[in-house]
1. Before rounding to the nearest 500, sum -39500 (n - 2.57) across all DSSP H runs of length at least 4 in the chain and divide by the residue total; then give [θ] at 222 nm in deg cm²/dmol.
2. Starting from the exponent 0.38 and prefactor 2.2 Å, build the expected Rg for the chain from its residue count and divide its actual Cα Rg by it.
3. Return the whole-Å distance between the Cα centroid of the range 96-140 and the Cα centroid of the range 162-183.
4. What are the ³J(HN,Hα) couplings of the range 78-93, residue after residue, when phi is run through the Karplus curve with 6.51, -1.76, 1.60 and θ = phi - 60°? Round to Hz, x for glycine and proline.
5. Check Phe199: other-chain or 5+ apart residues with amide H under 5 Å from its amide H, H built from backbone geometry?
6. Once you put a point 7 Å from the Cα of Ser194 and another 7 Å from the Cα of His278, both along the Cβ direction, what distance in nm separates them?
7. Given a Förster distance of 25 Å, report the FRET efficiency between Arg70 and Arg36 from their Cβ-Cβ distance, rounded to the nearest 0.05.
8. Please state, as a whole number in µm²/s, the translational diffusion coefficient that the Stokes-Einstein equation yields for the range 161-298 at 4 °C and 1.567 mPa s, with Rh defined as the Kirkwood radius across alpha carbon pairs.
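No lab work stands behind these numbers, since they all come straight from the coordinates. Quick caveat: nothing in here was measured; it's all calculated off a predicted structure. Don't worry about glycine lacking a Cβ; one is built from the backbone with ideal geometry, like all the others, and counts go over all protein chains shown.
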Amino acid sequence: MINPACERFLAPLGMTTTKTVLEVLQSTTAYFEKHRIESPRLNAEHLIAHVLKLSRLELYLEFETRPNERELSQLRELVKRRGQSEPLQHLLGTVEFCGQVFAIDKRALVPRPETEALVELIISDFRFQISDFRLIDVGTGSGIIALSLAKEFPAAKIFAVDISEEALALARENAVRLGLSDRVRFEKADLLESLPERFDLIVANLPYVSMRDRHLLAPEVLHDPEIALFAGPIGDELVRRLIEVAPGHLSPGGLLALEIGINHAEGLTEFLRQKNYHDIRSKKDYAGISRFLLARYG
């Protein structure tokens, strides 16, 4: 039996052992709506399915089930944390990206959907080129770009660097998780510093948020490491640094592929021209924002 004190504490969320999964789902959705959590029903479904060790589809087949005290206690804690704007991905411990499931936590940036479009652009560019090309993912974070490309191009030689030891530890864990630990070499580096190699592709999703825009960010985003978010007063400082140093690490005609911030495309395109890049292309993300720049050198 659930004790009376716990019963009273859980009741405002509809989380008592007298409630079915459907009723808990309804009350949790209402709780998230009250706390202005985006996609409240979807968030509730993910958390309940996670606690019950079900898929979201399976959850719909268990609506009449009554969760036990242990499950309700675990769910209550997760719902409370989500109501305080902790990212759903941190609570679940995973995120899906380009068809693979990655571990994710506070050590690295939660992958954004638009970054999948960057991977798709690279796949499109290199699909019919030599299969054993060399690429490096700069600022790899949780390793999503490097590992997604490792799966797509099994003969490619892939490197990944980050300035954060914690992020690199997470990336290595993801490589093991996906069976790709022998495919990607992870190293600590500040951009391309101390790397003697040359690459056919340099790809980077570097921090591009201005410190002045901190107040505009969603509360969930502020749970990401600051080192993975903020680049400086303007926001494009790290990208400009990479543009300057990349020519010394690109093979002749090599490609630099960048994810950039809102309103950065025009200025960075001109900067690429000044630094003698050619075949410069600006591409939009799923929301129609100029989010990616691709350019060749040499």
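1. Numbers: 11 runs with 113 residues, N = 298.
Computed mean residue ellipticity for the chain: -11000 deg cm²/dmol.
2. 1.15
3. Cα centroid to Cα centroid, the span is 13 Å.
4. Couplings: 5, 5, 4, 5, 5, x, 9, 6, 5, x, 4, 5, 5, 5, 7, x Hz.
5. Leu250, Ser251
6. 3.5
7. 0.25
8. Once the numbers are plugged in, D ends up at 80 µm²/s.
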